[in-house]
Amino acid sequence: MNVIACGALAHELLALKQLNGWAHLHVSCLPAHYHLTPQRIPGAVKSAIEEIRNKNDDPILVAYGDCGTGGRLDKVLEETGAERLPGAHCYEFFAGSEQFMQMHEAEVGTFYLTDFLVKYFDTYVTKALGLDKKPELKDLYFGNYTRLMYLAQTHSKTLRAQAELHATALGLKYDYRYTGYGEMGSALSRTVRVSVAEPCLS
């Protein structure tokens, strides 16, 4: 069983692998910074799929949402026969589709963080948006936001404190919800069970 994942999900995927004893699960990660240039994701995923297929015919799960590719990633998966996690982005994976929609509809102006984004906030938010050099851009980017919601995969007091500081820095009210691995864990479990069972059906 092969998983091609966004680097932002590496920690969670490896934790699930260890927790469930999935020794046969092979995880390969693409750079997390591709989210800053989502047009690169479909081609990178296609190359990773082709590399795996040159070695074996084991099932492939792509641990990405659409992630801003505008459907181009799904087209690659349709062409190659691989599957991806359900949902538009990792926030939906972790919170669950129904719960995420409820949160989104309750307060549309919400900026979401995961464990990964809390840890690497400076890289993927502050520096990526140029706020380190031009802090006055904060109002341009976040003027329509009202809340920062931290969707936590772990019970880390350190990360909770950091997330609250990030909310303060952006001038947003802070909210927190523990999600664990959410639907990502459930989807991966189902896929792994199917891949293990397949040889017994032939």
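Of note:
- Ranked list, fewest to most other Cβ atoms within 10 Å of each Cβ, for T80, T123: T123, T80
- Shape summary: segment 22-134 maps onto an equivalent ellipsoid whose semi-axes, from the alpha-carbon gyration tensor, are 27, 18, 14 Å in decreasing order.
- Annotation for segment 167-194 versus segment 115-141: alpha-carbon center distance of 21 Å.
- Alpha-carbon gyration tensor eigenvalues x 5, square-rooted, for segment 97-178, Å: 21, 16, 10
- Highest mean first, the peptides 31-42, 146-157 sorted by other C-beta atoms within 10 Å per residue fall in the order 146-157, 31-42.
- Positive-end ranking of G185, T146, A161 along the dipole of segment 139-186, with charges on Cβ about the Cα centre, is headed by A161.
- Listed peptides 180-190, 127-137, 88-98, 43-53 appear in the order 88-98, 180-190, 43-53, 127-137 once ranked by packing, highest mean of other Cβ atoms within 10 Å at the front.
Throughout, read-outs are computed from the coordinates displayed, never taken from laboratory work. This is a predicted model, so every value here is computed, not measured. Note that each Cβ is placed from the backbone with ideal geometry, even for glycine, and that neighbours are counted across all protein chains shown.
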